[in-house]
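Asks: So that we are looking at the same thing, I have put the structure below in structure tokens.
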2 protein chains.
Amino acid sequence: MGARYTAAAAFLDFRAAVPRVNTLTVELGSRSYPILIGSGLLTRADLLARHIPGRDLLLVTNTTVGPLYAAALKQGLGDRRIVEVSLPDGEAHKTLATVSRMLDVLVANRFSRDCTVVALGGGVVGDMAGFAAACYQRGVAYVQVPTTLLAQVDSSVGGKTGVNHPGGKNLIGAFHQPSAVVADTDTLKTLPPRELRAGLAEVIKYGLIDDAALFVWLEENMERLLAHDPDALTHVIRRSCEIKASIVGRDEREQGDRALLNLGHTFGHALESATGYTKWLHGEAVGAGLLMAATMSHEAGLLSAEMVERLRRLLERTGLPTEERSLTPDTVLEHMRIDKKVKSGRIRLVLLRSIGASFVTADYPDDALRRTLEAHLG
Amino acid sequence: MGARYTAAAAFLDFRAAVPRVNTLTVELGSRSYPILIGSGLLTRADLLARHIPGRDLLLVTNTTVGPLYAAALKQGLGDRRIVEVSLPDGEAHKTLATVSRMLDVLVANRFSRDCTVVALGGGVVGDMAGFAAACYQRGVAYVQVPTTLLAQVDSSVGGKTGVNHPGGKNLIGAFHQPSAVVADTDTLKTLPPRELRAGLAEVIKYGLIDDAALFVWLEENMERLLAHDPDALTHVIRRSCEIKASIVGRDEREQGDRALLNLGHTFGHALESATGYTKWLHGEAVGAGLLMAATMSHEAGLLSAEMVERLRRLLERTGLPTEERSLTPDTVLEHMRIDKKVKSGRIRLVLLRSIGASFVTADYPDDALRRTLEAHLG
């Protein structure tokens with residue numbers, strides 16, 4: 001009895017000393033992988049050793065995130081060969097030329113097929129590092145260590161990697177699943193408020209797509225999130241990843257349901273692309289795109305004006321912009337046409353039947369699209 | 001009875017008028033696809049309509065093959081939107097920059113996800129067009145129309161796509177299976193003799209890997225092949241594709257058996273890379289690599305000297321070079337180390353226990369490798 005008691009006490013001590021780690025799994029058969037969410041994960045050598053394979057690591061970060069977290073992460077990664085690449089910060093650098101630079105570093109260091117690329121940063125770093133991993137030697141392992149809310153709730157999960165082309169966003173890329181996603185919520189403490197708000201746009205998206213309860217929770221708790229309340233942030237990261245993992249698990253390559261995750265994105269990508277990727281953060285453009293999708297759903301007779309207004313109020317409370325007066329409807333329409341969601345010449349859109357109920361369609365009145373663009377643009 | 005007789009006669013007429021098409025299937029579940037082998041396939045509108053999907057086609061060819069066959073193929077493709085890209089001919093142009101150019105054309109023409117890339121040419125065209133298809137919008141369809149023996153027996157089948165890097169061959173790429181392979185044996189009539197011989201090196205490889213009977217058949221029929229005998233060529237194309245399809249079907253992403261297809265390639269790639277991809281044709285380098293692998297197998301005590309000599313005689317009768325006196329063993333060894341077959345720092349090689357019996361190993365005496373390099377290099 002005495003021995004058993006001691007063991008139990010040790011277990012309790014361990015629980016008290018180490019913060020709780022939330023673990024989800026993206027179920028994709030032999031390509032399944034865990035998402036770890038919690039505080040202090042960057043320096044948890046035990047977890048990093050278990051989830052980051054390989055003796056040779058390419059640590060990809062950027063000039064903003066690197067100085068804050070690269071040293072801590074390297075410490076946690078222990079005794080391996082680590083080559084670091086620091087990319088310039090920002091969507092404007094998300095190009096094939098930047099990926100080519102990473103590939104040069106992999107070759108120059110004679111990295112073999114069993115190396116691992118570790119992406120430390122936001123969505124831009126993750127998308128590019130993942131694409132470099134997809135292309136190097138026809139695919140090596142990579143691990144996402146997202147440091148922005150947007151990357152933690154969305155871009156780090158699901159295996160979409162790639163870069164922009166002057167003609168459109170994410171037009172070049174690959175589906176390549178990571179080996180693990182390690183989301184350390186502590187990194188959000190240094191996130192600029194504007195980027196936190198941009199990430200919350202993607203969280204609102206999950207509520208609209210699939211979870212009315214999450215949407216209501218956001219209406220009730222937005223101030224806690226904006227104040228960086230760690231429990232509130234952990235809740236929305238976990239719930240967002242659950243929804244995304246579930247959708248990706250049943251439609252990895254976007255043949256069906258996965259397209260729902262593009263709610264607001266066809267509009268948003270066009271805003272980003274038409275303004276040269278410099279004016280709008282991706283999440284901000286998605287936020288405005290969400291309202292455009294809701295307006296469009298209303299214009300098509302699917303969604304009540306009251307639901308559109310609830311969304312508008314939530315976006316405004318989040319501090320997100322909802323219009324772009326410097327662009328004309330024609331310009332944005334032209335940019336929408338090159339988006340990947342176009343099928344046989346017709347733009348496919350995700351629309352809403354209510355908050356929490358979305359669907360993909362190419363069957364809508366063209367004048368509803370026109371009126372939607374006119375309502376939000378100059 | 002009269003009606004039945006007429007139908008049978010019509011069927012016989014049809015068989016007489018249209019040359020026989022050999023069809024194999026690469027079995028990969030939802031990604032399975034056919035390989036069609038035969039005479040006159042380029043202009044068979046019925047087959048092309050059935051096997052090439054999409055309304056918008058990017059026809060990729062090169063400045064040598066395009067003038068010979070592009071017009072005929074376009075005729076066969078019928079009433080679709082076809083944009084043609086003609087690449088400079090040769091392995092030296094197999095770069096990320098060339099693929100980037102194809103992606104620019106896809107974007108500039110607003111091609112959507114349901115377009116198809118058609119690769120008309122040899123291995124270089126097929127590898128690059130396939131990689132562009134893999135990367136555009138995270139993957140669009142492509143069809144291989146190989147016009148060299150090497151492409152028909154090897155590179156067009158199996159979904160390996162990619163480009164070279166100054167630091168090594170095929171270091172950047174993707175696994176992306178075609179929707180179909182259409183091998184028209186008539187295109188071999190215009191193939192320069194040197195390229196025919198280079199393609200035969202890959203055929204000899206299949207005999208060495210897995211099929212002693214094919215090797216013996218080659219010993220008995222090499223002169224027919226070198227004289228472009230259509231039946232002999234069809235026989236080796238079909239048999240090579242059968243062996244490759246079977247191996248790819250059980251190991252798509254080279255986790256195991258598929259590595260056997262690299263027999264001679266680690267040596268061969270190093271010869272190509274160390275001479276800047278200008279001196280050796282790929283198939284020629286593979287031919288020399290086959291003899292190096294056999295020599296190495298003998299040096300490691302696995303293969304009799306008599307077998308090595310039979311291979312040397314067959315390569316010489318094929319008109320293939322077997323040594324490179326301008327390179328030192330150290331230079332070639334350095335280039336071998338960056339090859340994709342390196343695992344945890346050790347070069348993995350495909351070796352032979354006899355003709356038709358091969359295996360992958362990293363467990364060999366280093367001095368056997370050294371003696372092999374010294375025997376074939378300067």
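Taken together, the values in this text are just the output of simple stated rules run on the coordinates, not laboratory data. Keep in mind that what you see is a predicted model, and the values were worked out from it rather than measured. All Cβ positions, even for glycine, are placed from backbone atoms using ideal geometry, and neighbour counts span all protein chains on display.
Asks: Among B:235, B:51, B:176, which one shows the highest mean-square fluctuation when chain B is modelled as a Gaussian network with alpha-carbon springs under 10 Å?
Replies: Ranking B:235, B:51, B:176 by mean-square fluctuation puts B:235 first.
Asks: Same structure, new question: Which ordering of A:336, A:292, B:222 is given by a fewest-first count of other beta-carbon atoms within 10 Å?
Replies: If I rank by nearby Cβ atoms, fewest first, I get B:222, A:336, A:292.
Asks: Amide H to amide H, which residues 5 or more places from residue A:180 or on other chains are under 5 Å from it, using H placed in the peptide plane?
Replies: A:144
Asks: Could you list A:87, B:369 in order of exposure, starting from the residue whose Cβ has the fewest other Cβ atoms within 10 Å?
Replies: Sorted ascending by nearby Cβ count, the order is B:369, A:87.
Asks: Another question, if that's okay. Provide the per-residue ³J(HN,Hα) series for segment A:72-84, in order, calculated from phi with Karplus coefficients 6.51, -1.76, 1.60 and θ = phi - 60°, each as a whole number of Hz, with x at glycine and proline positions.
Replies: 4, 5, 4, 4, x, 7, x, 8, 10, 7, 10, 10, 9
Asks: Of the DSSP beta bridges with both residues in the protein assembly as shown, give the percent that are antiparallel, rounding to the nearest 5.
Replies: The antiparallel proportion sits near 45 percent.
Asks: Expressed as cubic angstrom per residue, what is the convex hull volume of the alpha carbon set of segment A:2-190?
Replies: Hull volume over Cα atoms, normalised by residue count, gives 126 Å³.
Asks: Measure out, as a whole number of angstrom, how far apart the alpha-carbon centroids of segment A:244-306 and segment B:113-188 sit.
Replies: Cα centres, segment A:244-306 to segment B:113-188: 34 Å.
Asks: Looking only at B:368, B:201, B:288, which one moves most when chain B is put into a Gaussian network model with springs between Cα atoms under 10 Å?
Replies: Maximum among the listed residues: B:368.
Asks: Starting from the Cα of residue B:363, step 7 Å along the direction of its Cβ; do the same at residue A:313; then give the gap between the two resulting points in nm.
Replies: 7.2
Asks: Taking the 0 to 90 degree range and rounding to the nearest ten, how far is the long axis of helix A:305-318 tilted relative to the main principal axis of chain A, both from C-alpha atoms?
Replies: Tilt of helix A:305-318: around 40 degrees.
Asks: Between residue A:110 and residue B:251, what is the FRET efficiency for a Förster distance of 25 Å, r being their Cβ-Cβ separation, to the nearest 0.05?
Replies: 0.45
Asks: Right, another one. In degrees, nearest 10, range 0 to 90: what is the angle between the Cα axis of helix B:265-274 and the longest Cα principal axis of chain B?
Replies: 90
Asks: Taking the simple approach of a point 7 Å from Cα along Cα-to-Cβ for both residue A:213 and residue A:45, what is their distance in nm?
Replies: 4.1
Asks: Collect residues whose amide H, placed 1.01 Å from N in the peptide plane, falls under 5 Å from the amide H of residue B:62; neighbours closer than 5 in sequence don't count.
Replies: B:87
Asks: Run lengths n ≥ 4 of DSSP H only: what is the helix-derived mean residue ellipticity at 222 nm for the protein assembly as shown, with -39500 (n - 2.57) per run over all residues, to the nearest 500?
Replies: The helix-only estimate for the protein assembly as shown comes to -15000 deg cm²/dmol at 222 nm.
Asks: Between helix B:96-108 and chain B, what is the angle of the helix's C-alpha long axis to the longest principal axis, kept within 0 to 90° and rounded to the nearest 10?
Replies: The answer is roughly 20 degrees.
Asks: Under 17 Å from a point 7 Å along the Cα-to-Cβ line of residue A:82: which residues of segment A:121-136 have their amide N that close?
Replies: Zone members listed by number: A:121-122.
Asks: Specify the residue with the greatest mean-square fluctuation among B:225, B:150, B:263, computed from a Gaussian network of chain B linking alpha-carbon atoms under 10 Å apart.
Replies: Highest fluctuation among the options: B:225.
Asks: How many Å³ per residue does the convex hull of the Cα positions in segment A:118-232 occupy?
Replies: 113
Asks: Something else now. Two decimals is fine: what is log10 I(q)/I(0) at q = 0.15, 0.19 Å⁻¹ for segment B:196-376, from a Debye sum with one equal scatterer on every Cα and no solvent?
Replies: So the normalised log intensities work out to -0.83, -1.34.
Asks: Which far-off residues, 5 or more places away or on another chain, put their amide H under 5 Å from the one on residue A:117, with H placed in the peptide plane?
Replies: Amide H neighbours of residue A:117, under 5 Å, 5+ apart: A:58, A:141, A:142, A:143.
Asks: Follow-up. Normalised by the number of residues in segment A:243-370, what is the relative contact order in percent for Cα pairs under 8 Å and 6+ residues apart?
Replies: 27
Asks: At a 10 Å Cβ-Cβ cut-off, how would you order B:163, B:107, fewest neighbours first?
Replies: B:107, B:163
Asks: I've got another one for you. If the label point is 7 Å along Cα→Cβ of residue A:30, which residues in segment A:114-145 have backbone nitrogen under 17 Å from it?
Replies: A:114, A:138-142
Asks: While we're looking at this one, here's another question. For residue A:97 and residue B:92, what is the calculated FRET efficiency with R₀ set at 25 Å and r taken between the beta-carbons, to the nearest 0.05?
Replies: 0.75
Asks: What is the Å³ per residue value for the convex hull set by the Cα atoms of chain A?
Replies: It comes to 144 Å³ per residue, whole-number rounded.
Asks: Work out from phi, with θ = phi - 60° and the Karplus expression 6.51 cos²θ - 1.76 cosθ + 1.60, the ³J(HN,Hα) of each residue of segment B:363-368, listed in order in whole Hz, and give x for Gly and Pro.
Replies: These are the phi-based 3J(HN,Hα) values: 10, 8, x, 4, 6, 5 Hz.
Asks: So what's the Cα pair-distance distribution over the protein assembly as shown, bin width 10 Å, in %?
Replies: So the P(r) values, bin by bin, are 3, 14, 22, 22, 18, 12, 7, 3, 0, 0.
Asks: I would also like to ask the following. Hey, for residue A:253 with labels 7 Å out along Cα-Cβ, what do the inter-copy distances come to in nm, ordered shortest first?
Replies: Result for residue A:253, in nm, nearest copy first: 1.2.
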